[in-house]
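The next block holds one structure in the form of structure tokens; read it before the comments.
The values are calculated or read from the model by the stated rules, or taken from the named source; none is laboratory data. If you're wondering where the values come from, they're calculated on a predicted model, not measured in any experiment. FYI the Cβ positions are ideal-geometry reconstructions off the backbone, even for glycines, and counts take in every protein chain you see.
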Amino acid sequence: MRVLLEFKNKTFWIYYALIVIAFSCSNSPDIVVENLTMEMPSHGQVFNEELIINEIADTKIEHIGIRGGNEYDIVLPEMHVTMLLFLKGEATLTADSITQTVTPESITIPMNGINSLQIKVPKSGELHFLKFTKKLSLQDVEDIKAFPEKNKYKLYFKRFVDCQPYTEKIKSPNTTSRTVLPADIVPRVSLGTVEAMGPDKVGAHKHPMLDQLFLGLSDNDIVVHADNTSVKLNQYELLHIPIGSSHGVRVDQGKKMNYMWMDFFLTKEGQQWLKTHKPASSDNDE
């Protein structure tokens, strides 16, 4: 009888452990991934799709495609900041008296009183870009006034490849990371890229002070892990990291890691997280 009771007791705890494990797995956060439609529909000159709807607070994200030989006007709403990430194709952008040629994997942010933009695509081309429209809080507006003068651009433009490299303890020496949008240019927003050939990885880490997106750039082929969930992220896909999750990235042999991270900080103070990024010329063990 005693042996039978001990057996039943052990069986109970085994089943209990299995239930706990199953419950934990079922409560792992979902990783939202959306594909960008990179082939223009057969009709129309301009294509527009909204992405990751209501995932990032006060931020609207659109993928816009424009056929060659067309012009596209963007009106910039007050109390918002608009960021354009160019993914494929070339174009000429005009903002007030400024003219800028944009190329794949570059960023443009109109600032300081610019109310509209005009984008002109050459006849032989086709343009694809992401447009982020983020609402500014009253505190954001006050913070902008206090930003260093060197950060107050009329039109911020950078090619990703030209941006400042940095290192981070969770990444291997084979990884090239770049800061595309540093802190204190757009309130509570920072962007960067990560590039490496496999096999390589970005170690698991948490940052509950921010909401984060990953954008797969050209030839990106990685696996993203968040807690007990993992998904593939290919080129021209947008992924939302579950806030507060322990997440990392893996790239396998013969494949390429080439993605952009986008940090949307919940508070200004949360930007202290960026201090974990060290200029590539400094000692990463500091």
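Yes/no matrix, rows are residues, columns are (1) of a type in the set (A, V, I, L, M); (2) closer than 20 Å to Tyr259 by Cβ; (3) within 17 Å of the chain's Cα centre (by Cα):
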residue: Asp73; (1), (2), (3): no, no, no
residue: His80; (1), (2), (3): no, no, no
residue: Leu84; (1), (2), (3): yes, yes, yes
residue: Lys88; (1), (2), (3): no, yes, yes
residue: Thr94; (1), (2), (3): no, no, no
residue: Ile107; (1), (2), (3): yes, yes, yes
Boolean, Leu210 is under 20 Å from Glu55 (Cβ atoms), modelled with pLDDT under 95, crowded, with 17+ Cβ neighbours inside 10 Å and in contact with a strand residue (DSSP E or B) (Cβ under 8 Å, 6 or more places away or on another chain): yes
From Tyr166, Tyr153, grab the single residue that is hydroxyl-bearing (Ser, Thr, Tyr) and in a loop (DSSP other than H, G, I, E, B). Tyr153
Being surrounded by 14 or more Cβ atoms within 10 Å (Cβ to Cβ) and basic (Lys, Arg) is the requirement here; does Lys150 meet it? no
Those residues that are among the charged types (D, E, K, R), at pLDDT below 95 and either assigned to a loop (DSSP other than H, G, I, E, B) or crowded, with 20+ Cβ neighbours inside 10 Å (or both), I need them from region 236-286; list them, please. Lys268, Asp283, Asp285, Glu286
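Could you say which residue among Ala57, Ala95 is closer than 24 Å to Leu213 by Cβ and out of contact with any Phe, Trp or Tyr (no Cβ under 6 Å at 6 or more places or on another chain)?
Exactly one residue qualifies, and that residue is Ala57.
Conditions (1) under 27 Å from Thr103 (Cβ atoms); (2) surrounded by fewer than 17 Cβ atoms within 10 Å (Cβ to Cβ); (3) polar (S, T, N, Q), marked per residue:
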{"site": "Gln139", "(1), (2), (3)": "no, yes, yes"}
{"site": "Pro173", "(1), (2), (3)": "no, yes, no"}
{"site": "Ile185", "(1), (2), (3)": "yes, no, no"}
{"site": "Arg188", "(1), (2), (3)": "no, no, no"}
{"site": "Pro199", "(1), (2), (3)": "no, yes, no"}
{"site": "Asp221", "(1), (2), (3)": "yes, no, no"}
Inside region 109-148, can you point out the residues that are without any contact (Cβ under 8 Å) to a residue 60 or more places away in the chain, in contact with a Pro (Cβ under 7 Å, 6 or more places away or on another chain) and within 18 Å of Ser190 (Cα to Cα)? Leu136, Asp140, Ile144
When restricted to Ser190, Ser177, the only residue touching a Phe, Trp or Tyr at 6+ places or on another chain (Cβ under 7 Å), in contact (Cβ under 8 Å) with a residue 12 or more places away in the chain and closer than 20 Å to Ser106 by Cβ is Ser177
May I ask you to list pairs of residues, at least six apart or on different chains, whose Cβ atoms are under 6 Å apart, with the first in region 155-169 being over 27 Å from Leu93 (Cβ atoms) and the second being part of a strand (DSSP E or B) and at pLDDT 95 or above? Tyr166/Ser177; Tyr166/Thr179
